[in-house]
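First the structure, in the form of structure tokens, and then the observations on it.
The values are calculated or read from the model by the stated rules, or taken from the named source; none is laboratory data. Being a predicted model, the structure only gives us computed values, none of them experimental. Because the Cβ atoms are built from the backbone with ideal geometry, glycine has one as well, and the counts that use them run over all protein chains shown. In case anyone asks, the SASA skips ligands and DNA or RNA and just uses the protein heavy atoms, side chains included. Shrake-Rupley method; radii C 1.70, N 1.55, O 1.52, S 1.80 Å.
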Amino acid sequence: MDRDKISRLSRAGHPVNSPLDDESVRRLLRRTVDRGGERVLDLGCGEAAWLLRTLAEHPGVTAEGVDTSAPSLARARKEAAGLGVGQRLVLHHADAAEFTSPHLFDAVLSVGATHAFGGLLPTLDAARRHLAPDGRVLVGDAYWEREPGAEARELLGEYEDLATTMDRVAAHGWTPVFGHLSTRQELDDFEWYWTGSLAAWALDHPEDPDSAEILDIAATHRSQWLRGYRESFGFLTLVLRRTPA
Ligand SMILES: C[S@@+](CC[C@H](N)C(=O)[O-])C[C@H]1O[C@@H](n2cnc3c(N)ncnc32)[C@H](O)[C@@H]1O
């Protein structure tokens, strides 16, 4: 099964590929890019949904995105051209952990991609390397809303509770200037979009050779979510500035 087919179908119609609704994305971006002439970098940008919004809203902003998924970047390029912002967007097909740039950036985003760096703190280290002295970081990652069971840990990996996560971020030299905890509705919507979009596509395309497998993937994912991690999974998106030394 082509992983990109799953990724493309499963995120259809959702504002970004993370558990955040339209209004939350807008509020978080407003706190991150508010001057209008910024240079913005997204590490693990996927289809560049965060950057495309920013570029469409601020004609003076320029942006770069980094992702290892060539098909996602191709869709981002197409969407950028359609929005008329392609001239201000550079996309790099690269490992975000290895990415280097001659510029510093006023804002560095990385939402739902901390696994690319080995966790939240290494993601913040990577962001710091690219960040202008008075820049802002927008980072989104999981935390445990409740003590997880063994299955949740096995499916999702290791996280901390919210207060511990925030303590670690602060001890790492960052000051939160805004934040958003994904609501129950945002968390559930994200899963319903994921599983529902796949299932609907499979039902609409019974002739497709992948149709039965896609239906099965949607059902397995739904069961893992409901039995494995729905009660323990939380998602936190922070706007951070460096804490003065
Ligand atoms: C959950 S998606 C989030 C995409 C985007 N940040 C958003 O919120 O819409 C995670 C993204 O990280 C990308 N990714 C995973 N490992 C990566 C790596 N080592 N370097 C760059 N991107 C990576 C995936 O291809 C995927 O597009």
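Normalised by 2.2 N^0.38 Å, with N the number of residues, the alpha-carbon radius of gyration of region 196-245 equals 1.90. As a fraction of the 1.4 Å probe accessible area of region 41-112, surface on carbon and sulfur atoms comes out at 53 percent. How high is the FRET efficiency between Phe178 and Ser7 when r is their beta carbon distance and R₀ equals 22 Å, given to the nearest 0.05? It comes to 0.15.
Per-atom-type breakdown for region 126-178 gives carbon and sulfur 50% of the accessible area (1.4 Å probe, protein chains only).
Note on region 1-70: Kirkwood hydrodynamic radius from all Cα pairs is 13.1 Å, rounded to one decimal. For the chain, the spread of Cα coordinates along the three principal axes comes to 55, 44, 31 Å, biggest extent given first.
The simple Förster model, with R0 at 41 Å and r as the Cβ-Cβ distance, assigns Glu160 and Lys78 a FRET efficiency of 0.60.
Counting only heavy atoms of protein chains, what accessible area per residue, in Å², does the chain have with a probe of 1.4 Å?
Details: 11780 Å² over 245 residues.
Averaged over the residues of the chain, the accessible area is 48 Å².
Note on Leu215/Asp134: beta-carbon distance plugged into 1/(1 + (r/R0)^6) with R0 of 35 Å gives a FRET efficiency of 0.10.
Here the Debye sum runs over all C-alpha atoms of region 1-125 as equal scatterers in vacuum, and log10 of I(q)/I(0) at q = 0.16, 0.18, 0.22 Å⁻¹ comes out as -0.77, -0.99, -1.52.
Do the sum for the chain: with -39,500 (n - 2.57) for every DSSP H run of n ≥ 4, divided by all residues, what is the mean residue ellipticity at 222 nm, to the nearest 500 deg cm²/dmol?
My calculation for the chain gives -13000 deg cm²/dmol from helical runs alone.
When the Cα positions of Leu226, Gly13, Ala245 are compared along the charge dipole of the chain, Ala245 comes out farthest toward the positive end, with charges on each C-beta of Lys, Arg, Asp and Glu. Taking 0.36 nm per residue of separation and subtracting the current Cα-Cα distance, fully stretching the chain between His115 and Ala56 would add 18.4 nm.
Rounded to the nearest 20, the size of the Cβ-charge dipole of the chain about its Cα centre is 960 debye, with Lys and Arg at +1 and Asp and Glu at -1. With no solvent and one equal point scatterer per Cα, compute the Debye intensity ratio I(q)/I(0) for region 96-172 at 0.11 Å⁻¹ and report its log10, rounded to two decimals. Values returned for q = 0.11 Å⁻¹ are -0.32. Taking the chain as a Gaussian network of alpha-carbon nodes connected by springs under 10 Å, the highest mean-square fluctuation of the residues Thr164, Thr32, Thr54 belongs to Thr164. Taking a Cβ cut-off of under 13 Å around Trp192, the surrounding Lys, Arg, Asp and Glu residues balance to a net charge of -1, with basic ones at +1 and acidic ones at -1. Both numbers refer to the Cα atoms of region 130-240; Rg and Dmax are 17.8, 55 Å.
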